Amino acid sequence: MQNFSITSPSNLPAAAAAGQNSDTAFIAGGTDMMQLLKNNVITPSKLIDLEKLSLSEIKSENGVLRLGAMATMADVAAHPVVRQNWPAISRALLLSASPQVRNMGTMGGNLLQRTRCLYFRDTGFACNKRAPGSGCPAIPGDSRDLAILGTSPHCIATHPSDLPVALMALDAELELLTPEGTTRRMSLSKFYRLPGTTPHIESNLEAGQIITAVILADQAIGRLSTYLKVRDRTSFAFALVSAAVALDIEDGLIKNARVALGGVGTMPWRVHQVELALCGQKPSDRVFELATLRIGEGAQTTEMNAFKVKLAQRTVVRALQAISA
Amino acid sequence: MGGAKYAAEFELPDMAHAVLVQSTIAAGKILGFDLIAAKAMPGVLVIITPDNAEKLHNLKPAQQKVTYPLLQNADIKFNGQHVAVVVADTFERATAAAAAVRVHYRATKAVTTMDQAFSESVTPKNFSNGRAKPDSQIGETSPILPSGTLRVEQIYTTPIEHHNPMEPHATIAHWSGEQLTVWTATQGISGAQKALSSLFGLKPQNVTVICPYVGGGFGSKGNTWPPAVLAAMATRQVNRPVKLVVTREQMFTSNGYRPRTVQRIKLAANPDGRLLSVRHDVKTQTSMPEVGEFAEPSALITRMLYSAPSIGTSHRLVQVNHGLPTYMRGPGESSGAFAIESAMDEMAAALKIDPIDFRLRNYAERDPTADLPFASKALRECYAQGAAAFGWEKRNPAPRSMRDGHMLVGMGMATSSYPTNRMPASASVHLTADGSALVRSGTQDIGTGTYTTLAQVAADELGLPLGKVRTQLGDSRLPPAPVSGGSMTSASVVPAVQAAAQGVKAQLFALAISHGGFQWQSVSPDVLTLIDSAVDGPAGRIGIGQLFTLAKIKQLNATAGAQPAPDANDYSKHAFGAQFVEVRVDPDLGIVRVSRWVGAFDCGRVLNAKTARSQLIGGIIYGMGMALFEETRIDRNTGRITNANISDYLVAVNADVPEIETIIVDSIDPISNPLGTKGIGELPMVGAAPAIANAVYHATGTRIRDLPIRIEQLLA
Amino acid sequence: MSLPDTTRRTILGTVATLAALPTVSRADISEPDAVSGGLGLQNVTLQVNGQQFRVTLEPRVSLLDVLRETIGLTGTKKGCDHGACGACTVHVDGRRIVSCLTLAARCKSKKIVTIEGLSNGGDLHPVQAAFLHHDGFQCGYCTPGQIMSAVALIQEGHASSADEIREWMSGNICRCGAYPNIVAAVQDASGNVTEGG
């Protein structure tokens, strides 16, 4: 780890102003940042600590849920309103990492967690995301954990977090503060970027912009939602495949459906074609199975990760069964 | 808890910190270093490279136990090989400077996986340290088999696995005067003393090795690996104490691993379920010869496990540009049992005979290959008691026939066996007037409870309360004892402690007779006992303190050695067990979870039921990891390990482990050692992985022959 | 010869030998002029186990390394240094966290409790006693982290069933495989621990 300085601004404008330099980085819970620093994946000379900015409030008002960007994963998971009205979010968080890490990790930090691609995190390998233009040895290499959707010939790194998969399904918005001091909203669906030819640029967050909150407004779709995570061991492991699903069922028919996938995409992956196939249908195993057949459309697989197509289909079916039973 | 000091936790004044730099190519030569940036960084004291490293002595003989690379030349033989050591005033500064070291290489073509050189295998030169031959054969090599013979011929593979003890390998080295003192995480202080004195050309008495606690080893701390040597080299260079803690990532190329095995099993049996012939041919990977050689002896277990007129085995090595493999919990037996016990299950299924019944029909009353009687064997009792406790009779033999709701239920079993080992050891016992004793031996406690066991044995022998006996271990100045490996610590060291305690006891009895007064003078020592801190006999009781006063002494000491009895070689010595496991398999998602476990073991006499059970459970869980999670993955283009960390090299976590029932069958081995013990550390690991694979077959009808069992293999 | 069950008391070592260490300066760092800021050293006061420790450190130093290397509290263990094993678990402001992923410089004015601060004088904390009684450890290296996690888990209210304990103890890896005994110890202790214990 290279040395750096830390400053702890006590107000947002000061933090945003300080964060504009290219060799600065914001630090929230620090659980991923510390690993990136220790592995020399990033080498900022200045860290800006967001802890003193009072961004950890969880507020529910008029059906709108506002999760402060510095609210911890543990606090959000345990919050009664989240558990009742947005169970997929609570599940996704409880299935993330370990209790200790969830006590540290934050909403904003989890959205910005970097990929767990083993080639990205080891400077002994080339990596287009870490060192643009150096190549991607993962595609012909150890690709079992890597993405099958949204990939490019330059990068197949999987987005590792569980939370944004649930948030993506539930149409979350982000509240951002710009260095100029203005607040703006951005749909989470517009937040992440596909790797394309620039895999090192992962989101549309601009230099100095700070995520201040996650906003959830559409309560109708949240209540009947869940998150299912398939992993190699029972706990404390990243997803091979995960699914966040939500249904709005009226008079026995699916009025509205949301399906997003984790572990398979270069970003949290919403599958609209499945949602469309579910709408207007009466929930049944058959309907779920038919609807999920289209999950593999456009998938680019390797010999090692081709199984994820089938696994993703079945994971979504199982999740849909769980909430419609 | 929190007070036990492990190797990296001793405080020495003016301590410097060393950090390793490792290669990023698998084969080639170092052309040169660019150290300008690293040397300019704050706090850097020295950067040791092959250009300025101390030239070591006696490299050849030492290579038996100390392996490449020791910065003695510019050759690169594997990715992750140590190429430099950075020493600085703090850990953070040494780490940062290590990252700034630039190495220029000339890369040459590397063999990065076994498959690339599979046909070019070689015969091991030093198989099993010379205790066994690589090949064996009894009966006809290719017997003529009658028609109606059933055959199973399959290839089973196990991947590279890493020990991953929770305590990283760590050494504090201090060179002062002519004395080298090292605090190092090792399973063998005697071996470390020998290796370090030899390499640095020092007299053994000028090297002290200290290791009071070991945070797990599982074989990885058996040898003296390069980091300990490099720490010693560093302290000699900077003239201050140096601490070198290997990072978790670096541990994947610093201290051995279980090599990948490719095992071909051929079984032939008649329709009655009698084995007609057994063949087990093993290929495992080893490193390039300049690094060393290690052969995982996977087929040894097949030589003694079942009776058959024809049993043949072989071991061959494929040389790969990886570091040196080494012993890992149940070395040979764990990987070998996966192959032979999976194949036995396949044959039982082909014969439509219950797997236990099939094994009983081929029960070995004698060791078939060694042609010797077993020193003791209670495997039948393991099968019977394990099956009863597990409820084996409820198993419907048809695969995919048992369900619990949506989940497929599978029941599987496998046999376990591990050799009973013993080596010469010594110990001393010191008794003081207040009736407290100190036991000392140059062994080490790797988590098996050696401190407690040795104190218990001495307390028992001397008639003292346990609280009055202290144990001192882990210091090369103590009476020498063997490496803590091969499940032999109790068998080797306890007899030495007993002998030393008996030596003290004999002196006490002699004192009682000589100083006890008139009535004691005619008493024979044979009728005396030591009980409740007093000598007890026909002439009455004398307390230890009183006796010391009478004899005007302050302390009684005895040192004793103990070694295997010569007639022990007339027997085949093994512990046995039977593993029973129930799994739940999600038929759609391919997820396997272990739901129940019963292990019944014939491990001889048990000295401490509590710590014995802990070891049995621990071995089973290690085996669960082998079956379901563990695999070191290699990037085939660069030969670099991709998952060199414990969030991607998965081991079992608490949530993976169900209740485990252990049964210790009544058995005492009268031959192998005077205690009747047979060793516990490795046995419960053996058979665990095939029991799970067999249960998965029973649950799903899918036979998994390549570990670990993965979701994608079960996504039908 | 049959020996009684005994616990592994030796591994306790010297738990309660925390003499007052009012100030600890990292004398091995020679860069006094850099304390003022920039990329240099910072003076930080840490409150560990109820005592104040004034340390001079680089901002990059982890809480784990300050505890072990600077303050000398080596009960907190380094297993992976990447938050994947839980051996370094300590409590910060009453919550269990991994100290390897925590910058010490961010812990000013926070209450840190390590394994050394758990026992009250010579008395074992009930969770420590339960670990001894149930042989909830073998090599002992992961044990301080397991115990810090277990104490927190009980306070969080996650000890209602064996399965819940297994899940909420899964951030602490024990390679010796003491898990069933750990679960038994936590179950046992959860009945004994009083509020605030």
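With a cut-off of 18 Å on the backbone N, the residues of segment B:1-24 near the modelled label site 7 Å out from B:ASN52 along Cα-Cβ are B:16-22. Spin-label pair B:ASP115-B:GLU712: with each label point 7 Å from Cα along the Cα-Cβ axis, the two points sit 1.1 nm from one another. Taking segment B:288-324 and a reference point 7 angstrom along Cα→Cβ of B:THR149, the backbone N atoms nearer than 15 Å belong to B:308-312. Within straight-line reach of A:LYS282, meaning a Cα separation under 19 Å, sit the following aspartates and glutamates at least 8 residues removed in sequence or on another chain: A:ASP248, A:GLU250, A:ASP251. For B:GLU178 and B:THR157, the difference between the fully extended length at 0.36 nm per residue and the C-alpha to C-alpha distance is 2.6 nm. Inter-chain neighbour count for C:93-101: the average number of beta-carbon atoms from partner chains within 10 Å of each residue's beta-carbon is 6. Determine, from the Cβ-Cβ distance of A:ASN204 and B:ARG102 and an R0 of 51 Å, the FRET efficiency 1/(1 + (r/R0)^6), rounded to the nearest 0.05. After rounding to 0.05, the efficiency reads 0.90.
With the helix formula -39500 (n - 2.57) applied to DSSP H stretches of n ≥ 4, the protein assembly as shown reaches a computed 222 nm mean residue ellipticity of -7000 deg cm²/dmol.
Set the Förster distance to 30 Å, then compute FRET efficiency between A:THR182 and C:ARG54 from the Cβ-Cβ distance, nearest 0.05. Working shown, then result.
Details: r = 42 Å, r/R0 = 1.40.
Here the calculated transfer efficiency is 0.10.
Summary of packing: across the peptides A:126-137, C:161-172, B:438-449, the per-residue average of other C-beta atoms within 10 Å ranks them, highest first, as B:438-449, C:161-172, A:126-137. Provide the percentage of antiparallel DSSP beta bridges, counting only those with both residues in chain A; round to the nearest 5. So the antiparallel bridges in chain A amount to around 85 percent.
For peptide A:30-40, the mean count of partner chain Cβ atoms within 10 Å of a residue's Cβ comes to 5. Within 10 Å of the Cβ of each residue in B:655-662, the mean number of Cβ atoms contributed by other protein chains is 6. Using a cut-off of 25 Å between Cα atoms, the listed pairs B:LYS55/B:LYS194; B:LYS505/B:LYS554; B:LYS125/B:LYS221; B:LYS77/B:LYS133 include B:LYS77/B:LYS133 as exceeding that distance. Kyte-Doolittle cut-off 0.0, length cut-off 20 Å along the helix's own axis using Cα: show which whole DSSP H helices in chain B pass. Length and hydropathy pass: B:333-351, B:489-515, B:609-628.
When you restrict to C-alpha pairs under 8 Å that are six or more residues apart and normalise by the size of segment B:425-563, the relative contact order lands at 34 percent.
The order of the peptides B:512-522, B:604-614, B:404-414 by mean Cβ neighbours within 10 Å, most packed first, is B:604-614, B:404-414, B:512-522.
Starting from the Cα of B:SER436, step 7 Å toward the Cβ, then list every residue of segment B:494-526 with an amide N under 20 Å from that point. Answer for this model: B:501, B:504-505. Just flag the GluC sites (Glu not before Pro) in segment B:332-408 sitting in loop per DSSP whose Cβ has no more than 12 other Cβ atoms within 10 Å. Within segment B:332-408, the qualifying GluC sites (Glu not before Pro) (loop, at most 12 other Cβ atoms within 10 Å) are B:GLU365. Once the Cβ-Cβ distance of B:GLU290 and B:THR141 is raised to the sixth power relative to R0 = 30 Å, the FRET efficiency obtained is 0.30. Spin-label model, C:ASN43/B:SER514: points 7 Å from Cα along the beta carbon direction are separated by 6.8 nm.
Rounded to the nearest 20, the size of the Cβ-charge dipole of the protein assembly as shown about its Cα centre is 1220 debye, with Lys and Arg at +1 and Asp and Glu at -1. The distance from the alpha carbon centre of segment A:228-260 to that of segment A:1-29 is 36 Å, rounded to a whole number.
Loop-resident trypsin sites (Lys or Arg not before Pro) (DSSP state other than H, G, I, E or B) in segment B:343-403 with no more than 16 further Cβ atoms inside 10 Å of their Cβ: B:LYS352. Loop-located trypsin sites (Lys or Arg not before Pro) in segment A:7-61 (DSSP state other than H, G, I, E, B) with a sparse environment of at most 13 neighbouring Cβ atoms within 10 Å are absent. Simple spin-label estimate for B:LYS266 and A:GLU61 gives 8.0 nm between the two label positions (7 Å along the Cα-to-Cβ direction from each Cα).
Values in this text are rule-based calculations from the coordinates and carry no lab data. Keep in mind the model is a prediction, meaning the values are calculated, not measured. Neighbour counts run over all protein chains shown; Cβ positions are idealised from the backbone, glycine included.
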